[in-house]
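Some notes on the structure that comes next.
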Amino acid sequence: MPGLGEPAGWWVKWEGISAVVATLVGIGGAFFYLYDRFVEPPPPPAPAPTRPTCESGSICLWPEKRFGGKVWVWTPGVSEEGRIPDYLREHVGSFDAQAEGCFVDTETGERRPVHLRDWSERYHDPGRFGRVMDTITSKC
């Protein structure tokens with residue numbers, strides 16, 4: 001048994017370690033409390049850009065991706081069915097459908113049904129139908 005003034009062995013060692021851990025936890029807690037109270041939160045993210053929507057009952061076509069360029073609006077039952085304007089033939093960059101319709105490639109006869117609320121901002125990308133379509137009809 002240790003005498004007076006002599007270390008108590010392992011207990012003194014653990015007592016010192018637990019004091020250091022308690023001090024670090026206390027300092028860490030104070031740091032996070034102060035950080036949370038006084039540091040400005042990051043600004044909210046910028047709102048996502050909204051895509052234009054076509055008026056109800058119509059299909060809108062743009063010559064550029066992401067709805068860029070001069071829009072052309074086609075309305076089934078009102079607009080004439082058939083060939084789309086020259087600047088859009090085989091070059092539809094994007095579209096928004098607020099009506100049912102059908103995109104047609106007259107060279108191959110291929111048809112693509114278009115349904116209410118269909119849209120694409122990159123319809124002219126490789127392999128996409130905007131590179132070949134030249135006609136629009138109400139039914140496929």
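The figures follow:
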quantity	calculated
Whole-number percent relative contact order across the stretch 59-137, with pairs defined as alpha carbons under 8 Å at least 6 apart	36
Relative intensity, log₁₀ I(q)/I(0), of the stretch 59-137 from a Debye sum that treats every alpha carbon as a point, q = 0.11, 0.14, 0.21 Å⁻¹	-0.22, -0.36, -0.86
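Readers should treat all values here as calculations from the given coordinates under stated rules, not as data from a laboratory. Just so you know, these numbers come straight off a predicted model, no measurement behind them.
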